1. What pairs in Lys102/Lys293; Lys82/Lys254; Lys124/Lys268 have C-alpha atoms more than 32 Å from each other?
2. Can you give the relative contact order of the chain as a percent, counting alpha carbon pairs under 8 Å and 6+ residues apart?
3. Would you kindly state how much longer the chain becomes between Lys139 and Asp275 on full extension, computed as 0.36 nm times their sequence separation minus their alpha carbon distance, in nm to one decimal?
4. Can you check what the net charge comes to around Ala271, using other residues whose Cβ is under 11 Å from the Cβ of Ala271 (Lys, Arg +1; Asp, Glu -1)?
5. Could you work out how far apart the two model spin labels at Thr291 and Asn303 are, taking each label as a point 7 Å from the Cα in the direction of the beta carbon, and quote it in nm?
6. Can you order the peptides 278-289, 142-153, 83-94 by their average number of other Cβ atoms within 10 Å per residue, highest first?
7. Would you kindly state how much longer the chain becomes between Lys102 and Asn265 on full extension, computed as 0.36 nm times their sequence separation minus their alpha carbon distance, in nm to one decimal?
8. If you work out Kirkwood radius over Cα pairs in Å from the coordinates, which of (i) 20.4; (ii) 24.2; (iii) 21.5 do you get?
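Here, each number is a calculation from the coordinates, and none is a lab measurement. Nothing here was measured: the structure is a model prediction, and the numbers come from that model. So basically every Cβ, Gly included, is an ideal-geometry build from the backbone, and we count neighbours across all protein chains shown.
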Amino acid sequence: MNDAEAKPSAKADPSSPKLESVREHKLPAPVLGFDVADDAKHFYCACLDGHVYEVDAETGKSTSLGKHESYASSVHRVPGTKLLVSGGYDGALHWHDLDARKTIRKVTAHKFWSWQTAVSADGKLVASVTGQYQCGGYKYEPAPENEPSVKVFDARSGELVHSLSHVPPVQSVAFSADGKQVAAGNLMGEVRVWDTASGKQLASFTTSSFTGWGIIKGHYYTGGIYAMRFTPEGDQLLVCGMGSTTDPAAGNGKQLWQRFAWKENPAKKIAEAKDDEIGRGLMEALAYHPTAKYFAMAGRLFNGKWNTALFDVASGGLLHSLDAKMRVTHAAFRADGTQLFLAGTTDQGRKKDGKAPESGRIKIYAVS
């Protein structure tokens, strides 16, 4: 099934939203981080070759704005400014001036990789998460962190605001819509939430659904929470990753999402993906539609019919799905809700005949 052949779930209402392929653009390397301008005329991509690219949404022409010393893993516009912030596996955060089209600041955030970053909607804060899995005991539990796993910086000056403790590796991070809370999720399915003003921890809960235990080719944990979003009201958290698996190394876990009322003590699971509507694969991207009536989840397909789907917020039911024919690392809706943008890669950038293929992709879908 190609993009144009995507169909809504058999259970979906005929009036449910649908996705129709519009165009796609190639990038020099796999896209690991993605953002889009308010007017959707430009995309911003953090890529496996270390570069941070500005991409013309109409022509697909890409221009490098700067380069990390290792993989560029994330990129975000800073609302209300002409600044772009990127994170990388070099542990650094880079600030890029979109008018001058150059890198203007570099801050060493971590000793290890910056797995993921987030910028608050008010443009005041940027958060970055890190951590390496290291065996901490005979049960293979992760060793304690050797540096703060979550750091929050002033998004305009680059000054450190908070250093927050978690259990590494921490792979996902998100701000609430009002910027008053920041949450982070790790390999073991543990989520912690902090107050951004004081740095005080407000909540901690664990879902074991996103952790896999491997016994093939060695003993290890794999999986984790790869993406998270606060609901628009801020009282719940939506998380995704890869559910229970028979072989974590193969990435054949459930295409799972779960939603929690994090303010309750203990946190309460409100909803999750239904077994008869999902396949298997690693889910890495979440995006709420501007109406907040449905959300998109996407990632890497192992087995099943889709790797990109729309879900109803109220019921949790599958509304529409398709196979994007690539690994999707990020998803974002246009500000007016008329388009969905998927970013990712068709492979891992392996060289062919000594040359790296243009394996990065941005795919644009009309939302009807």
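1. Lys102/Lys293; Lys82/Lys254
2. Over the chain, the number comes to 16 percent.
3. 46.0 nm
4. Around Ala271, the charge tally is +2.
5. Inter-label distance under the simple model: 3.6 nm.
6. Details: 278-289: 22.4, 142-153: 19.5, 83-94: 24.5.
Order by mean packing, descending: 83-94, 278-289, 142-153.
7. Numbers: separation 163, 0.36 × 163 = 58.68 nm, distance 4.65 nm.
Gain in length upon complete extension: 54.0 nm.
8. Structure-derived value, by its label: (i).
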